[in-house]
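Here's the structure, in structure tokens; my notes come after.
The values are calculated or read from the model by the stated rules, or taken from the named source; none is laboratory data. Computed from a predicted model, the values in this text were never measured in an experiment. Using ideal geometry, Cβ is built from the backbone for each residue, glycine included, and neighbour counts are taken over all protein chains shown. Please note that ligands, DNA and RNA were not included when accessible areas were found on the heavy atoms of the full protein model with its side chains. Shrake-Rupley method; radii C 1.70, N 1.55, O 1.52, S 1.80 Å.
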Amino acid sequence: MSGGIFSVLWQAVRGVFYLALYVLLISGTDFVLFNLAWCFIYLGFLLFLPLATPLVVQLVLGFAVGLSLDMVFDTGGVHAAAAVLLMYLRPWVLRLLTPRDGYDAQDSVNIHQMGWQWMVVYLVLLTAIHHAAFFLLELGSFRFVGLTLAKIVLSTLYTALALLIIQLVFYPTKRRKR
């Protein structure tokens, strides 16, 4: 993670903000749509990490975020397992979505730098992976496949839309020059 101590501190503040926002506001029943779609907004912290973040740091952050949510909500490791899987597969998805010219060292996961198509595919693919792991682990069996698939699809769309809005509102619009 380039940028020194300021960059690390900024990422820590961002992480605390995403977790606090999720735990204090979003996790209640007010933000659940028809008891089928949940908004896991804390994924924004993990998905919007700088591209140059080492895999080990990503895995540790995914585990820390998931474990902290598991402790708050008493979910027995479901958040941690899904977040670690998400962070493990993130570099593979980034390689899959590599632009023709490749990534620059200063690139970040930003809709204004990467474009709409890239961001939508990135968010939908990784949130779908996370949600599939989360809801299948939460269910513990394949008994209610239809309901679980509905939760996965609707929660993926809900979370991805919320993260797209966050990108549009809170991330800088400065475009890179190619």
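Remark on the range 1-85: ratio of C-alpha radius of gyration to 2.2 N^0.38 Å is 1.14. Rounded to the nearest Hz, the phi-derived 3J(HN,Hα) couplings of the range 142-155 under the Karplus curve 6.51 cos²θ - 1.76 cosθ + 1.60 (θ = phi - 60°) are 9, 5, 10, 4, x, 5, 5, 5, 5, 4, 4, 5, 5, 5, where x marks glycine and proline. Please grab the % of Cα pairs in the chain that end up more than 23 Å from each other. Summing the P(r) tail past 23 Å for the chain gives 39 percent. Split the accessible area of the chain by element, probe 1.4 Å, and carbon with sulfur accounts for 71%. Computed extension length for Ala64-Ala52: 2.4 nm, one decimal, from 0.36 nm per residue of separation with the Cα-Cα distance subtracted.
For the chain, the relative contact order works out to 25 percent when only alpha carbon pairs closer than 8 Å and six or more residues apart are counted.
With contacts taken as Cα pairs under 8 Å at a separation of at least 6 residues, the range 54-136 carries a relative contact order of 30 percent.
Simple spin-label estimate for Leu25 and Val121 gives 3.2 nm between the two label positions (7 Å along the Cα-to-Cβ direction from each Cα). For the range 72-178, the solvent-accessible area with a 1.4 angstrom probe is 57 square angstrom per residue. Report the gain in length on full extension from Leu33 to Asp74: 0.36 nm times residue separation, minus Cα-Cα distance, nm rounded to one decimal. The span from Leu33 to Asp74 would gain 12.6 nm if fully extended. In sequence order, the range 110-119 has phi-based couplings of 9, 4, 6, 8, 8, x, 5, 4, 4, 5 Hz under the Karplus curve 6.51 cos²θ - 1.76 cosθ + 1.60, θ = phi - 60°, and Gly or Pro positions carry x.
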